[in-house]
Every structure is written in structure tokens, then in C-alpha cells.
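To keep things clear, I will list the structure first and then write my remarks on it.
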Amino acid sequence: MSKWPSQPLASAIQCRKEFVQIDDLQQYKRCRVQLHAQGIVLRDSVPGAEIKTKKQQVCKTGDFLVAEIDAKVGGFGIVPEELDQAIVSSHYFLFEVNEKVLNRRFLDFFIRTPAFREQVAAQGSTNYAAIRPNDVLGYKLPLPPLPEQRRIVTRIESLAAKIEEARSLRIQAAQEAEMLMASEERRVWPDSALSKARTLESVTAYLARGRQSEQGESDHFLIKTQHVQQGRYVPSMMRLAAHIAQKVQPDAFVQPGDILIACSAAGCLGRVARFRDEGRVASTDTHVAIARANSALVDGDYLYSYLRGAQGQHQLRSRERGDWQREKISFRLTELNLNDLRQVPVPIPPLAEQRRIVAYLDGLQAKVDAVKKLQAETGTELAALLPSILDQAFKGEL
């Protein structure tokens, strides 16, 4: 419990309704309230002609903005300076803060606490999500004197800045580990090694994009772009239609160890993953290629390591852009066709050397993964720090 007396918000804020008639010829900023008390951000900026409801409310810097429907899931926040004069519909409530009684930053921090959010969630029927302005005015908060509010805000901001600095350092460490991995992959496969390299077509026993994609009910699973995450295959639950599944040639069935390559959709191009689902009959749709290593020439783990690595990814993605040095074909934004794939250069040392390279890079990747895992654990701890600080602050323990 806080050492300060709790007061209803009505003692420090008042409901403000200021509507404006939308002019079709003017430009308007619109707010978006992020859930889980993550603040107010710009939704968009549009001409009045695109706004259907012509009567809108006007926000002011420092207003406490509450979403009628989403409040119970943290749909509220303080309007930032950059959204002064932005508009919201009548499904939002605006409250003006009396700063002679309540520091707006103090309120901003308090509304992020479980103590506040529990009050909002408990209001009214559990089967009715909406809240009313009087509900908001009845919520309580600890209200120390203004000088104490300012001291608490300063202390919270100082600690929050240190948390953010630690978070930035954590992200930087993970990025540097990734850069180290990419640097080593470039050292193993430098640009100079590509001039006399073989092509992907010449080192694969099978290289093709899928041909069938009509979904239905069968025992034949369908692999699409979303199932090919970088370095990770996400098992598909999609199935081909029975009459379509019969048309898939046996070579096109994915086999354990096959390399899947995403060939379409912006942001996905060039991603590679390894198929390992033994015992499942599956094939790819037209947007995913299968590269099956010719074991007499190339170790499957080596080919996968190369295509997943910095040099292989550069070759796959630059070919999609059509800007590689050799054999410029065309400029494409969202397509990696089969002819492009066939020409991807693949340096092929002796098999023994291939296995040594794989072992070396796997060992380095394990170290990078260990750093990333540690950083993720640290990130979880950092995420828990601010709520803990806020809890102590509003109990008067900070």
C-alpha cells in the first residue's frame, strides 16, 4: 500500500469535449492508442475528404486519452506534444489534467502500473468491454504533494534511462556477434572464390520450384513461403487437394535434408531452411524452391551453411535484384526465378575441406547463439525492471 492517501482521478482531471467539424480540404493527424499502456502514437495523416465521420474530437498536449472499448486492455495514455491538435472519434474520452494538483508525467507513469490497470479491468461487467467517463474519474491514484511528484518523476526517468542504455548495449552486443559471424563467413567464402565457382545447378541432384498449390484435403502437405524462416523450417499444416496431390512427381517430394529457398514475397526472398520432417509427404508451392545436394560433389551441410551464410545470402538476394556482376538479366523486386537460382555461384573445395568448414562455422555459430541466448535472458530481466521500479515509486519506496 502507498504511504500517500489515494484520491479519485476526478480530483485532478476533468472530462473535456471539444469537437471540430471536418473540412474536406484540410489535412488532419489521427491518433492511435497502443494497447498495454504503451502510449499514444500517430495513426496517419489524411485529408478531411477521407474521414467519413465529420464530427471529431481535438486532442491537446498532455491530455489523458482513453479508448472506450480498449481501455480494459491498456488502451490509454498521455497525448504527446507532436500530436497536439490531432483528432479522435467520439469513441475516445479526453481528460484535461489539472497540473496544479497532478504532474502529467506522474500520471503517465502511474497508468502503466498493475495497480491502475487492475482498476480499469475490474470496472463493470466482464461481458461488457466498454467503459464510461465516470468510470475513469472514479479510478484512484496515490497523490503526494507536487514537489514529491516531481522528485519521483525525476527518479523514475533517471532509472528508466539507465535501463534503456542497458537495453541498447544488449542489442549492440547481439548485433556485433552476428557481424562477427558474417565476417567469418565472408572470409571463408570471399568474392575472389566466386570467379571459378560452380553453379548451384551443377552441384544439386534436384533444383526446382514447386508447381502445385491448390489446397484441400489429402495426406500431402504443402510448404509455402511462411514456412521458410531464415535458418528454420516451420512445419506446415496446409494440405494439397487430393486430385492435385496426384500430379506431384516423386522427385518433387521434399526429402530430409533438402534445402528450401523462398523465391517470392518482399522481405522473404532468399531465406533458406532445412527440411527435416521425416515420414511426411510434402512438396512446395510455386514460391518455394527445393535444392537437393548432389552428395558426390557437395556435402548437404556445407551447401546449406553456404546458402544460409553472408556470401550465399548476398548471392541469392542480389540475383533477385538483378544487379550482380555477371550476366545481368533484368531488374526484379519480388521474384527469384529458377534461372536465377541455377546460376548462383557455389565454391566447392574437396569434401574433406567442406566438412572442416562446416564444423568450424557450426562451432562459431554455437558461440554466437550462446551470446544471443544470454542477451535474450538479460532482455527479459530488463523488461521486468521498470514495472518493479514503478511499483516501488508509487508505494513511496523509491
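Placing pseudo-labels 7 Å out from each Cα toward the beta carbon at Leu374 and Ala122 gives an inter-label distance of 4.3 nm.
Take the Cα of Thr53, step 7 Å toward its Cβ, do the same at Ala383, and the gap between the two points is 3.3 nm.
Which residue, Pro190, Leu180, Leu207, has the largest displacement toward the positive end of the dipole of the stretch 159-236 when charges sit on each Cβ (Lys, Arg +1; Asp, Glu -1)? Projecting each Cα onto the dipole axis, the largest value belongs to Pro190.
Set the Förster distance to 51 Å, then compute FRET efficiency between Arg132 and Asp251 from the Cβ-Cβ distance, nearest 0.05. Kindly include the intermediate steps, with their values, before the conclusion.
Values: r = 65 Å, r/R0 = 1.28.
Approximately 0.20, to the nearest 0.05.
When DSSP beta bridges are restricted to pairs lying wholly in the stretch 1-85, around 100% turn out antiparallel. Checked against a 24 Å cut-off, the cross-linked pairs Lys29/Lys54; Lys162/Lys395; Lys140/Lys395; Lys72/Lys372; Lys224/Lys373 give Cα-Cα distances beyond that limit for Lys72/Lys372; Lys224/Lys373. Magnitude of the charge dipole for the stretch 31-75, about its Cα centre and with charges confined to Cβ atoms of Lys, Arg (+1) and Asp, Glu (-1), is about 120 debye.
Specify which labelled value, from (1) 154; (2) 211; (3) 136, agrees with volume of the Cα convex hull per residue in Å³ derived from the coordinates of the model shown. This structure yields the entry labelled (2). The amide H of Arg239, built 1.01 Å from its N in the peptide plane, has Gly216, Leu222 as neighbours under 5 Å, considering only residues 5 or more places off or on other chains. Dipole orientation for the stretch 1-132: of the candidates Val97, Pro47, Ile22, Val97 has the Cα lying most toward the positive pole (charges on Cβ; Lys, Arg +1; Asp, Glu -1). For the pair Leu35 and Gln226, a Förster radius of 25 Å applied to the C-beta separation gives a FRET efficiency near 0.55, rounded to the nearest 0.05. Separation of the stretch 203-279 and the stretch 6-77, taken as the distance between their Cα centroids, equals 46 angstrom.
Modelled this way, with points 7 Å down the Cα-to-C-beta line, the labels at Gln85 and Glu178 are 4.0 nm from one another.
The 3J(HN,Hα) values that the Karplus relation (6.51, -1.76, 1.60; θ = phi - 60°) gives for the stretch 302-311 are, in residue order, 5, 4, 5, 4, 5, 5, 7, x, 4, 5 Hz. Gly and Pro appear as x.
Would the stretch 204-243 count as rounded, prolate or oblate if I go by the C-alpha gyration tensor, calling it rounded below 1.5 in a/c and otherwise prolate when a/b exceeds b/c, oblate otherwise? The partial results should precede the final answer.
Values: a/c = 2.47, a/b = 1.33, b/c = 1.86.
Oblate, since a/c reaches 1.5 and b/c is not below a/b.
Think of each Lys and Arg Cβ as +1 and each Asp and Glu Cβ as -1; about the Cα centre, that makes the dipole of the chain roughly 120 debye. Please say if the stretch 12-133 is rounded, prolate or oblate, where rounded means a/c under 1.5 for a ≥ b ≥ c the square roots of the C-alpha gyration tensor eigenvalues, and otherwise the choice is prolate for a/b larger than b/c and oblate otherwise? Prolate.
Once neighbouring chains are kept in place and the probe is 1.4 Å, which whole percent of the accessible area of the chain is contributed by carbon and sulfur? Taking all protein chains in place, the chain shows 51 percent carbon and sulfur surface.
Per the helix-only calculation at 222 nm, which mean residue ellipticity applies to the chain, given -39500 (n - 2.57) for every DSSP H run of n ≥ 4 and division by its residues, nearest 500 deg cm²/dmol?
Values: 9 runs with 138 residues, N = 398.
The helix contribution divided over the chain gives -11500 deg cm²/dmol.
Ile171 contributes about 70 Å² of solvent-accessible surface, heavy atoms of the protein only, 1.4 Å probe. Computed from point charges on the beta carbon alone (+1 for Lys and Arg, -1 for Asp and Glu), the dipole magnitude for the stretch 103-193 about its Cα centre is near 620 Debye.
Compared with the dominant principal axis of the Cα atoms in the chain, helix 351-393 is inclined by about 10°.
Give the calculated FRET efficiency between Asn337 and Thr154 to the nearest 0.05, with a Förster radius of 45 Å applied to their Cβ-Cβ distance. All intermediate terms of the calculation are to be shown ahead of the outcome.
Values: r = 59 Å, r/R0 = 1.32.
Given R0 = 45 Å and the Cβ-Cβ separation, E is 0.15.
The residues of the stretch 74-118 expose on average 43 square angstrom of accessible surface per residue, using a 1.4 Å probe on protein heavy atoms. As a rough guide to protection, the peptides 186-198, 225-237 ranked by mean Cβ packing within 10 Å, highest first, stand as 225-237, 186-198.
The values are calculated or read from the model by the stated rules, or taken from the named source; none is laboratory data. Just so it is clear, the model here is predicted, and its values are computed rather than measured. With ideal geometry, Cβ positions are generated from the backbone for all residues, glycine too; neighbour counts draw on all protein chains shown. Note: accessible area is taken over every heavy atom of the protein model, side chains too, but ligands, DNA and RNA are not part of it. Shrake-Rupley method; radii C 1.70, N 1.55, O 1.52, S 1.80 Å.
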